[in-house]
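Take a look at the structure below.
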Amino acid sequence: MRRALLALALVASLLAACGIPTSDQASVVAKKDIPLRLLSPKVPPSSTSSTLPSSGTVQPIYFIDDAKQLVEVPRTVAAPTDLELVLNALLRGPSATQTALGLSTALPPNLRIRSTTAVNDVIIIRLNKAFTSISGDDQILAVGQLVLTATRQPGVTKISFVVAGAVVPVPIDSGASTTAPVTAGDYSTLLAH
C-alpha cells in the first residue's frame, strides 16, 4: 500500500512539473519568456490591397497562365456582389501568390470600368481610353478575360464595349473583329483545358 502511495505521489509531482496548468484562468507571460520567433514572426509580404474584402462572396475571374490560355481563379468580392465589383476585382490583377504560380493579366493597370448597364439582353461595359491601348496578342486575351469573367454572372450572356461614348470593335477567337455583342463562346478556344 505504501508503495502505491509513493508511486501516486511521484506521478502527481511529475505531472505538476510538466507544466500542466493548475489554474483555469489566463495568466500574463513576461515578454522575456516568449520565444523571439513568436514576438516577431516573418509574414510574407502580400500583394493584396488593403481594400480587399475580408468577407463576401467568391466569384470566378479569369487570368492568363504560362501557356497564354485563360484560367478561372476564385476571388472574394464584397457582398452584395454586382458585375462592376466583380470586374474591378479582375482589374486588380493576380495576387503575388498567383503571379508566382505563373498567372498574369493582359489588362493594363490604368484600365477603369466607368459603368455597366443592361440594354435589353446586352451588358454595355463602359471603359476608359486605356482599353484602346491594348494591342497584339494581349488584346484578345484582355477582352477574353473581361467577357469570360462578366458572363459568369447570373443573367449576363452578351457584352458590348464602349469607350468615350462609342462602341469599340473587339477581337474574337476566330481572328475577326466585331462591334456586335460578344459572348463567352467567342473566347472558348482561349480556355485552358
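The values are calculated or read from the model by the stated rules, or taken from the named source; none is laboratory data. It should be emphasised that the depicted structure is a prediction, and the values quoted were computed from it without experimental measurement. All Cβ positions, even for glycine, are placed from backbone atoms using ideal geometry, and neighbour counts span all protein chains on display.
Sub-6 Å Cβ pairs linking a first residue in the range 179-193 that is within 15 Å of I61 (Cα to Cα) to a second residue that is modelled with pLDDT of 95 or more and assigned to a helix (DSSP H, G or I), at least 6 apart or interchain, are A184/L148; Y187/G144; Y187/V147; Y187/L148; L190/G144, ordered by first then second residue. Checked against (1) touching a residue at least 24 places away in the same chain (Cβ under 8 Å); (2) touching a Leu at 6+ places or on another chain (Cβ under 9 Å), R112 passes all but condition (1). Within the range 117-129, is there a residue that is in contact with a helix residue (DSSP H, G or I) (Cβ under 8 Å, 6 or more places away or on another chain), buried (at least 17 other Cβ atoms within 10 Å of the Cβ) and of a type in the set (A, V, I, L, M)? Yes, the range 117-129 contains at least one residue that is in contact with a helix residue (DSSP H, G or I) (Cβ under 8 Å, 6 or more places away or on another chain), buried (at least 17 other Cβ atoms within 10 Å of the Cβ) and of a type in the set (A, V, I, L, M). Taking the range 91-111 as the range and being closer than 15 Å to D138 by Cβ and part of a helix (DSSP H, G or I) as the test, only L91 passes. The residues on offer are T76, T117, and the sole one that is touching a Gly at 6+ places or on another chain (Cβ under 6 Å) and either assigned to a strand (DSSP E or B) or modelled with pLDDT of 95 or more (or both) is T76. Tallying residues that are farther than 18 Å from L90 by Cβ and among the polar types (S, T, N, Q) within the range 158-186 yields 4. Within the range 52-71, take every residue that is surrounded by fewer than 16 Cβ atoms within 10 Å (Cβ to Cβ) and without any contact (Cβ under 8 Å) to a residue 60 or more places away in the chain and give me the one that is nearest to A142 (Cα to Cα). Filtering first and then ranking leaves D66. Residues that are more than 23 Å from the chain's Cα centre (by Cα), assigned to a helix (DSSP H, G or I) and in contact (Cβ under 8 Å) with a residue 24 or more places away in the chain are absent from the range 145-156 altogether.
Rundown of residues vs (1) in a strand (DSSP E or B); (2) hydroxyl-bearing (S, T, Y); (3) more than 25 Å from R75 (Cα to Cα); (4) in contact with a strand residue (DSSP E or B) (Cβ under 7 Å, 6 or more places away or on another chain), yes/no style:
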{"site": "I123", "(1), (2), (3), (4)": "yes, no, no, yes"}
{"site": "L141", "(1), (2), (3), (4)": "no, no, no, yes"}
{"site": "F161", "(1), (2), (3), (4)": "yes, no, no, yes"}
{"site": "T189", "(1), (2), (3), (4)": "no, yes, no, no"}
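How many residues are touching an Asp or Glu at 6+ places or on another chain (Cβ under 8 Å) and within 23 Å of T117 (Cα to Cα) if we restrict to the range 51-95? Counting residues in the range 51-95 that are touching an Asp or Glu at 6+ places or on another chain (Cβ under 8 Å) and within 23 Å of T117 (Cα to Cα) gives 3.
Pick from the range 157-193 the residues that are modelled with pLDDT under 95 and under 22 Å from the mean Cα position of the chain (by Cα): which of them is surrounded by the most Cβ atoms within 10 Å (Cβ to Cβ)? Taking the candidates together, the pick is A192.
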